[in-house]
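Have a look at the structure below before the remarks.
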Amino acid sequence: MELAPKLKAEVHLLHLWEPDYYTITEERLARMKSSKESAEDYIGQTAAKLKQKGIVAESDFRALDGGTEADEILKVADEISADIVAMSTHGHSGIKRWAMGNVAEKVVHTGNAPVLLVRTPKAERERGYGATKDLNEHIPLQHLH
C-alpha cells in the first residue's frame with residue numbers, strides 16, 4: 001500500500017466470503033455470522049487506515065454465489081475498470097497448490113488488467129491471515145489512475 005499515495009491511486013478492497021449453505025445448524029449460522037462480521041470489520045478498518053493517510057479507499061464485501069474466487073475478482077476488476085489488480089497470495093506449491101487450486105494464477109492468466117502478487121507474510125499465513133478458517137483470504141484490488 002506504500003505505492004498508492006505515490007501513484008495517487010484509488011484502492012478498492014475486496015473480501016470474498018463463501019457461505020456454507022449445506023451444513024446449516026444454529027451453531028454453524030452463529031459462526032458464519034461472526035466470521036462475516038469479523039471480515040467486514042477488518043476490511044472496513046483497513047479502508048479507514050488508508051483514508052487517514054489521504055488515500056481514496058473503498059471496501060467491498062461479497063459472498064460468492066456459485067462462482068469461483070478468481071471469477072469474482074475478475075468481475076469486480078472489470079466493473080471498476082481496474083488499471084492493476086494487487087493480490088495477496090499464500091505461496092502454496094506442489095500438492096497443496098494443486099488441491100486448493102490457484103486463484104492468483106487464474107487471475108494472472110485470464111484477467112484484463114496487469115496483476116501484482118504480494119506474498120502474505122509468514123506470521124499472517126500461520127494465523128490464518130486475521131480470519132477464521134471459514135473465510136477466504138483478503139484480496140485487495142487497486143484501481144490506479
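Just so you know, all these numbers are worked out from the coordinates, no wet-lab data involved. Fair warning: this is a prediction, and the values are worked out from it, not measured in the lab. Cβ coordinates were reconstructed from backbone atoms using ideal geometry, including for glycine residues, and neighbour counts include every protein chain displayed.
Treating r as the C-beta distance of VAL56 and LYS106 and R0 as 35 Å, the FRET efficiency rounds to 0.80.
Modelled spin-label separation between GLU2 and SER81, with each label point placed 7 Å from Cα along the Cα-to-Cβ direction: 3.1 nm.
Rounded to the nearest 20 debye, the dipole magnitude of the stretch 40-92 is 380 debye, with +1 charges on Lys and Arg beta carbons, -1 on Asp and Glu beta carbons, and the Cα centre as origin.
In the structure shown, the pairs LYS49/LYS106; LYS33/LYS75; LYS51/LYS106; LYS8/LYS75 are assessed against 27 Å; a Cα-Cα span above that value is assigned to LYS49/LYS106; LYS51/LYS106.
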